[in-house]
1. Go through ALA200, ALA144, ALA194 for me and flag whichever is of a type in the set (A, V, I, L, M, F, W, C), free of Cβ contacts under 8 Å to residues at least 60 places away in the same chain and closer than 23 Å to ALA221 by Cα.
2. Which numbered condition in (1) closer than 26 Å to PHE64 by Cβ; (2) open to solvent by 30 Å² or more (accessible area, probe 1.4 Å); (3) in contact with a helix residue (DSSP H, G or I) (Cβ under 6 Å, 6 or more places away or on another chain); (4) part of a loop (DSSP other than H, G, I, E, B) is the only one that GLN100 fails?
3. Just the residues that are assigned to a loop (DSSP other than H, G, I, E, B) and either surrounded by fewer than 22 Cβ atoms within 10 Å (Cβ to Cβ) or modelled with pLDDT of 95 or more (or both), please, taken from the stretch 211-228.
4. In the stretch 63-74, which residues are surrounded by 21 or more Cβ atoms within 10 Å (Cβ to Cβ) and part of a helix (DSSP H, G or I)?
5. Could you list, in sequence order, all residues of the stretch 299-328 that are among the charged types (D, E, K, R) and either open to solvent by less than 20 Å² (accessible area, probe 1.4 Å) or over 23 Å from ALA236 (Cα atoms) (or both)?
6. Counting only residues that are more than 20 Å from ALA377 (Cβ to Cβ) and assigned to a strand (DSSP E or B), which one in the stretch 307-344 is nearest to the chain's Cα centre (by Cα)?
7. Among the residues of the stretch 151-188, what is the count of those that are aliphatic (A, V, I, L, M) and crowded, with 24+ Cβ neighbours inside 10 Å?
8. ALA260 is checked against (1) open to solvent by less than 40 Å² (accessible area, probe 1.4 Å); (2) not in a helix (DSSP H, G or I) and fails just one. What number does that condition carry?
Amino acid sequence: MTYLTRYVWADLSPEERTRLMARPSDSSDALAVAAKILADVRERGEAAVRRYAQELDGYAPEDFRVPANDLKAAADALDPEDAKAILAAADAVRRYHENQGYKSYSLETWPGGVAERRVTPLEVAGLYVPAGTAPLVSTLVMLAVPAQIAGVARIAVLTPPMKGEGPDRTILGAASLLGLDEVYALGGAHGIAALGFGVAGLPRADRIFGPGNAYVAAAKALLAQTPGGAASDLPAGPSEVIVIADDNADPDFVALDLLAQAEHDRLAQVLLVAYSDRFIDAVETALKARLEGLPRADIALAALGASKAFLVGNDADAVAAANAYAGEHLIIQTADPEALCAGIRNAGSIFIGPWTPEAAGDYAAGPNHALPTAGAARTYGGVSVEMFQKTTSILRFEARGAAAIAPTVERLAALEGLDAHRLAMAVRREKAQEEMI
């Protein structure tokens with residue numbers, strides 16, 4: 001069985017490359033479904049949320065918020081070694097993110113005129129933590145830590161319940177370990193809508209963070225364009241990875257890195273950029289061996305169905321392929337990975353060399369694993385402390401400052417034909433000059 005359909009990069013037209021690198025979720029009905037759910041929740045509020053929760057999750061309790069004693073009990077029930085691993089990962093993520101954040105400053109831009117930038121945290125941040133097919137404790141860590149560093153006053157965690165069973169206990173325990181006390185057992189597009197509009201007992205989030213399936217990603221994107229809806233962090237849908245590997249790479253390492261992403265979601269996508277058919281053959285053999293006995297092999301196989309291998313003849317083509325894909329994750333396993341890395345402009349996160357699996361970044365290396373997908377790495381980076389902050393500019397002008405800036409403002413206002421702007425400055429200039437005599 002062949003897992004990766006092969007293409008020769010140099011033989012493909014720009015249009016063919018774009019088509020082959022399209023994400024599986026591009027053809028899904030996610031946008032239409034999410035739009036219907038958002039409209040329904042906006043119109044009918046809690047009643048709509050409860051209907052979707054019952055239909056889609058089989059779980060619609062009287063109060064979606066998880067009681068504080070449940071959080072504490074879940075934390076107490078964690079295996080001590082699991083708790084230790086969660087806290088160790090949080091420590092690495094905290095240390096990496098502590099150097100981030102906007103800085104406040106002020107300076108005199110004109111004599112007698114001071115411009116200041118003030119930094120404040122969001123009031124309410126919503127954190128979406130997937131748990132539908134796997135409880136992503138690591139996502140909770142990646143989102144909560146920078147929110148805490150930023151000083152967000154209220155952090156509301158949204159996590160989908162297990163089908164008909166309620167919230168995942170590991171997620172609840174991890175939330176308690178991290179000092180989070182506001183967790184809601186609600187997920188999907190309807191959960192995003194509830195958090196974005198502030199219905200069904202949930203707060204209205206200023207911004208919603210976190211990855212999810214195609215429906216969650218679509219709901220976040222649409223919500224951010226809706227009047228009164230919450231802003232979104234970045235486009236973060238089904239997982240994806242592109243691996244560049246030459247003939248010196250370990251095919252087993254490469255196969256495992258591909259499977260590590262493929263097992264996330266049936267709509268995940270993995271791409272291999274290789275330098276020889278022989279190496280692709282070796283990766284195929286390793287994939288077959290590793291798939292046997294893999295608990296989530298059915299999900300991985302579905303994802304592999306939309307995955308591809310591109311055969312390149314040189315490093316320049318390998319870099320071109322990676323930049324064209326603009327992947328969430330890029331793994332480079334070549335003889336000189338640093339040289340290739342220097343040419344990469346579009347990637348959410350880059351993993352250099354054979355001993356740096358993407359799995360390390362997913363869990364405990366420090367950098368954030370909430371990253372842009374579907375080509376959004378062309379313009380977005382990963383979640384950061386800055387995303388949980390906002391900046392406000394403050395101006396303070398004395399009379400002499402108004403007099404100093406006025407000629408420039410008046411000239412530009414006249415250039416644009418906005419006479420009230422010109423007068424607002426000119427009248428002040430005249431009075432300021434009188435005071436200064």
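The values are calculated or read from the model by the stated rules, or taken from the named source; none is laboratory data. Not measured: the values here are computed from a predicted model. Neighbour counts are summed over all protein chains in view; Cβ atoms, including those assigned to glycine, are modelled from backbone coordinates with ideal geometry. We work out accessible area using only protein heavy atoms, side chains counted, and drop any ligands, DNA or RNA first. Shrake-Rupley method; radii C 1.70, N 1.55, O 1.52, S 1.80 Å.
1. Exactly one of ALA200, ALA144, ALA194 is of a type in the set (A, V, I, L, M, F, W, C), free of Cβ contacts under 8 Å to residues at least 60 places away in the same chain and closer than 23 Å to ALA221 by Cα, namely ALA144.
2. (1) is the only condition that GLN100 fails.
3. If we filter the stretch 211-228 for residues that are assigned to a loop (DSSP other than H, G, I, E, B), which is where we start, we get 211-213, 225-228.
Selection gives GLN225, THR226, PRO227, GLY228.
4. In the first step, residues of the stretch 63-74 are kept if they are surrounded by 21 or more Cβ atoms within 10 Å (Cβ to Cβ); the result is 64, 66, 71, 74.
LEU71, ALA74, listed by residue number.
5. Result: ASP315, ASP317, GLU328.
6. Checking each candidate, the answer is ALA309.
7. The total comes to 10.
8. With (1) open to solvent by less than 40 Å² (accessible area, probe 1.4 Å); (2) not in a helix (DSSP H, G or I) applied to ALA260, the lone miss is (2).
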